[in-house]
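Engineer: Submitted below is the structure of interest, expressed as structure tokens.
The values are calculated or read from the model by the stated rules, or taken from the named source; none is laboratory data. Quick caveat, the model's predicted, so the values are computed rather than measured. Counting neighbours? That spans all protein chains shown, and the Cβs are built from the backbone with ideal geometry, glycine included. Ligands, DNA and RNA are excluded from the accessible area calculation, which covers all protein heavy atoms including side chains. Shrake-Rupley method; radii C 1.70, N 1.55, O 1.52, S 1.80 Å.
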Amino acid sequence: MAFIDRTEIAVIGGGAAGFAAAIFAARQGASVLIIDKARRPLMKLRISGKGRCNLTNDCSDQEFFDNIFRGAKFLRSAESRFGPHDIMAFVEDLGVPLKTERGRRVFPVSDKADDVASALLKEAERLGVRIRKGTVTGAISVNGEITGVRTEDGDIECRSMILATGGLSYPATGSTGDGYAIAGKLGHTVTERYPALVSLKCEEQWCAEVQGLSLRNVSLTCRRGKKTIYSEQGEMLFTSDGISGPLVLTLSSVIAGSDMKELRTEIDLKPSLDRETLDRRVLRDMKENSNREFRNSLGDLLPRSLIPVIVELSGIDPSKRVNSITSEERSRLVSLLKALPVTICGTGGWNEAIVTAGGIATREVDPKTMESKLVKGLFIAGEILDADGATGGYNLTIAFSTGHAAGIAAAERRNRKMNAIAIDGPGGAGKSTIAKALAKELGYIYVDTGALYRAVGLYALRKGADTHDRKAVAALLPDIDVDIRYVDGEQRVILCGEDVSGLIRTEDVSMAASAVSAQPEVREFLLETQRDLARRNNVVMDGRDIGTVVLPDAKCKIFLTASAEERARRRYRQLLEKGEEADYEAVLEDLKKRDYDDSHREIAPLKLAEDGIEIDTTELELNESIKAVLKTAKERLGLD
């Protein structure tokens with residue numbers, strides 16, 4: 001498989017959650033690539049809070065969870081490690097001073113969302129996070145573990161993928177639901193999604209007559225049957241087809257997915273006055289305006305544009321003199337002021353919804369790490385999760401806290417060691433013989449990776465290609481089908497359906513293998529085959545770059561070596577035992593040339609891994625070498 005790029009962690013989505021994940025992963029030393037299809041990163045954050053960026057809420061932990069509609073229990077772990085006050089400190093450390101306004105809403109002092117976006121971009125750049133514009137179409141997984149990302153431009157190799165594509169709200173910013181499809185293909189449950197923190201449509205035609213009217217200090221109550229599901233005091237306004245404003249946005253999240261026909265919603269225009277007090281107030285106003293027509297008597301009680309609506313809904317003759325209004329009519333008026341009905345019939349669309357209610361089921365995600373419980377190496381953060389809250393900075397808090405958890409966990413994952421043994425070293429050091437003995441002793445599977453390169457070399461020779469010609473060899477790769485199988489516990493190399501295990505051990509194939517193994521196209525072609533074997537099994541794998549490139553996370557890395565002269569003598573004896581003609585000096589010369597080529601090649605040169613252990617077998621017999629390697633392996637694997 002040819003990759004157009006590679007990284008340790010691929011973050012899908014360049015929003016608040018994606019950047020938080022990328023920054024905290026990079027701070028742990030991980031290489032991170034953000035892939036975002038929007039025309040510029042952090043588009044949604046730039047328009048949040050009406051362009052001012054209400055990035056969090058300066059509240060207590062309990063107050064935070066009181067304002068979460070879905071996913072509160074799931075969010076507790078992430079919020080406890082990176083909550084509102086941690087977010088504030090994080091952003092201010094990036095050079096953006098903050099302020100707290102009414103409702104404990106936190107904004108940048110500059111009132112510019114772009115300042116927050118610029119600070120996040122600058123920090124990501126400082127940490128070496130790369131940003132690539134593109135559209136992700138899927139994930140590449142092998143045996144339930146992420147190995148890459150599929151984009152419209154080609155595949156990108158990665159060890160972990162953080163899905164932070166956002167929901168469906170504000171699609172113009174790039175949130176078009178792509179992440180749901182990706183997660184769904186990987187087996188995740190995606191719940192029904194609804195526009196939330198959005199205006200509500202009402203059946204009442206009079207809403208259009210008062211559109212633009214803003215009401216302060218009113219109470220909005222919604223009931224389902226006899227149960228009150230929402231009742232809050234604050235601000236709201238009327239639109240051409242319904243209602244909006246802070247109270248309404250919150251209500252829209254509470255009732256997301258509900259059957260609107262079951263709801264009964266009322267506006268208390270005078271919540272500070274109980275019914276008896278309001279009745280006395282209305283009676284007093286009526287006495288002061290006793291000779292006026294009813295329609296002209298409500299100026300001290302209601303906004304001008306709302307008066308005709310209330311007059312009509314009260315059923316009182318608009319031209320009736322106030323002193324003629326009956327107590328029963330006055331009672332109807334008071335009831336209307338305390339419970340002005342609005343019949344909700346729908347919500348505004350995705351283009352105006354601030355967040356998405358619903359998403360990837362949180363029961364399938366680890367709340368501490370945001371890692372998928374279904375796919376290893378898949379992390380999920382932000383609005384794409386089935387978790388959302390009220391207005392006031394709570395949803396951006398969710399994005400930052402889950403992104404923080406995902407980024408740190410993904411970075412820590414790269415430090416997890418494979419339960420594998422990687423044996424590297426020059427030709428003739430006894431790698432294969434010792435690796436086979438080690439595998440048998442430990443009950444591991446032996447993987448001779450050199451056999452894969454030998455198979456490619458054999459194929460090139462059969463096709464008459466110059467094995468040193470990169471273009472010629474690369475042109476052959478699409479037609480090569482090479483695999484390792486195990487028959488009665490013995491490794492067999494299958495090339496295009498043919499068992500070539502015995503044909504790849506000749507000297508000409510060895511030289512061809514050395515030539516093709518130096519070519520990046522060949523190494524990339526075989527890399528995933530080798531890693532897949534290590535993911536699925538406990539393996540002993542030998543070669544020339546196993547510990548440095550193929551299995552950098554192996555628990556045990558051993559570099560076997562011996563003097564060139566000793567290795568040449570061993571190879572010379574092997575050839576004679578096989579009945580082949582051999583010249584020691586020629587064998588030594590070929591071995592030294594191969595050593596030079598292997599250690600000086602530009603791609604994955606032969607060398608000791610930083611955390612590897614070198615074992616020199618020049619003075620050791622074979623059984624002594626096996627014992628030395630076995631002792632080291634057991635120590636590294638904790639098997640003593």
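Engineer: Test Ser219 against the stated conditions and say whether it is hydroxyl-bearing (Ser, Thr, Tyr), touching a Gly at 6+ places or on another chain (Cβ under 9 Å), under 19 Å from Glu203 (Cα atoms) and buried (at least 17 other Cβ atoms within 10 Å of the Cβ).
Structural biologist: Against the criterion (hydroxyl-bearing (Ser, Thr, Tyr), touching a Gly at 6+ places or on another chain (Cβ under 9 Å), under 19 Å from Glu203 (Cα atoms) and buried (at least 17 other Cβ atoms within 10 Å of the Cβ)), Ser219 does not qualify.
Engineer: Shifting gears a bit: Could you tell me whether any residue of segment 605-625 is surrounded by fewer than 15 Cβ atoms within 10 Å (Cβ to Cβ), farther than 21 Å from Glu441 by Cβ and without any contact (Cβ under 8 Å) to a residue 40 or more places away in the chain?
Structural biologist: Scanning segment 605-625, I find at least one residue that is surrounded by fewer than 15 Cβ atoms within 10 Å (Cβ to Cβ), farther than 21 Å from Glu441 by Cβ and without any contact (Cβ under 8 Å) to a residue 40 or more places away in the chain, so the answer is yes.
Engineer: Going through segment 242-265 one residue at a time, which ones are surrounded by fewer than 16 Cβ atoms within 10 Å (Cβ to Cβ) and either among the hydroxyl-bearing types (Ser, Thr, Tyr) or without any contact (Cβ under 8 Å) to a residue 60 or more places away in the chain (or both)?
Structural biologist: Listed by number, the residues that qualify are Ser258, Asp259, Lys261, Glu262.
Engineer: Filter segment 365-416 down to residues that are part of a strand (DSSP E or B) and closer than 19 Å to Val254 by Cα, then give me how many there are.
Structural biologist: Residues meeting the conditions: 3.
Engineer: Name the residue that is modelled with the lowest pLDDT, counting only residues in segment 284-322 that are open to solvent by 60 Å² or more (accessible area, probe 1.4 Å) and closer than 27 Å to Glu232 by Cα.
Structural biologist: Filtering segment 284-322 for residues open to solvent by 60 Å² or more (accessible area, probe 1.4 Å) gives 284, 287-288, 291-292, 295-296, 300, 304, 308, 312-313, 317, 321.
From what is left, the residues that are closer than 27 Å to Glu232 by Cα are 300, 304, 308, 312-313.
Values: Asp300: 92, Arg304: 95, Pro308: 96, Glu312: 96, Leu313: 97.
It comes out as Asp300.
Engineer: Only one of these is farther than 25 Å from Gly349 by Cβ and open to solvent by 80 Å² or more (accessible area, probe 1.4 Å): Arg275, Arg281. Name it.
Structural biologist: Arg275 is the lone residue from the list that is farther than 25 Å from Gly349 by Cβ and open to solvent by 80 Å² or more (accessible area, probe 1.4 Å).
Engineer: Could you look through segment 419-436, keep only residues that are of a type in the set (Gly, Ala, Ser) and under 42 Å from the mean Cα position of the chain (by Cα), and pick out the one that is surrounded by the most Cβ atoms within 10 Å (Cβ to Cβ)? So that I can check it myself, show each step before the final result.
Structural biologist: The initial filter retains those residues of segment 419-436 that are of a type in the set (Gly, Ala, Ser), namely 420, 422, 425, 427-430, 432, 435.
Filter again for under 42 Å from the mean Cα position of the chain (by Cα), leaving 420, 422, 425, 432, 435.
On the way: Ala420: 27, Ala422: 31, Gly425: 26, Ser432: 15, Ala435: 27.
Filtering first and then ranking leaves Ala422.
Engineer: If you don't mind, there's one more thing I want to ask. Any residue at all in segment 179-195 that is out of contact with any Pro (no Cβ under 6 Å at 6 or more places or on another chain), of a type outside the set (Phe, Trp, Tyr), surrounded by fewer than 19 Cβ atoms within 10 Å (Cβ to Cβ) and within 19 Å of Ser252 (Cα to Cα)?
Structural biologist: yes
Residue-wise test of (1) buried (at least 19 other Cβ atoms within 10 Å of the Cβ); (2) not in a loop (DSSP other than H, G, I, E, B).
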position: Arg40; (1), (2): no, no
position: Cys53; (1), (2): yes, no
position: Cys59; (1), (2): yes, no
position: Arg76; (1), (2): no, yes
position: Ala89; (1), (2): no, yes
position: Glu92; (1), (2): no, yes
position: Glu125; (1), (2): no, yes
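Engineer: Quick one: which of Asp488, Asp583 is without any contact (Cβ under 8 Å) to a residue 60 or more places away in the chain, farther than 26 Å from Leu630 by Cα and either acidic (Asp, Glu) or touching a helix residue (DSSP H, G or I) at 6+ places or on another chain (Cβ under 6 Å) (or both)?
Structural biologist: Criteria check complete, one pass: Asp583.
Engineer: Separate question: What are the pairs with Cβ atoms under 8 angstrom where one residue, in segment 136-147, is over 18 Å from Asp36 (Cβ atoms) and touching a residue at least 12 places away in the same chain (Cβ under 8 Å) and the other, located anywhere, is open to solvent by 30 Å² or more (accessible area, probe 1.4 Å) and assigned to a strand (DSSP E or B)? Sequence gap at least six, or different chains.
Structural biologist: Once the first residue is over 18 Å from Asp36 (Cβ atoms) and touching a residue at least 12 places away in the same chain (Cβ under 8 Å) and sits in segment 136-147, its partners that are open to solvent by 30 Å² or more (accessible area, probe 1.4 Å) and assigned to a strand (DSSP E or B) give Ile140/Arg150; Gly144/Lys376; Glu145/Lys376; Ile146/Lys376; Thr147/Ser141.
Engineer: Within segment 383-397, track down each residue that is under 19 Å from the mean Cα position of the chain (by Cα) and not acidic (Asp, Glu).
Structural biologist: Ile384, Leu385, Ala387, Asn395, Leu396, Thr397
Engineer: Checking Ala455 against (1) at pLDDT below 90; (2) surrounded by 20 or more Cβ atoms within 10 Å (Cβ to Cβ): exactly one of these is not met. Which one?
Structural biologist: Unmet condition: (1).
Engineer: If Trp350 satisfies all but one of (1) of a type outside the set (Val, Ile, Thr); (2) over 30 Å from Val190 (Cβ atoms); (3) open to solvent by 10 Å² or more (accessible area, probe 1.4 Å); (4) under 53 Å from the mean Cα position of the chain (by Cα), what's the number of the condition it fails?
Structural biologist: Of the numbered conditions (1) of a type outside the set (Val, Ile, Thr); (2) over 30 Å from Val190 (Cβ atoms); (3) open to solvent by 10 Å² or more (accessible area, probe 1.4 Å); (4) under 53 Å from the mean Cα position of the chain (by Cα), the odd one out for Trp350 is (2).
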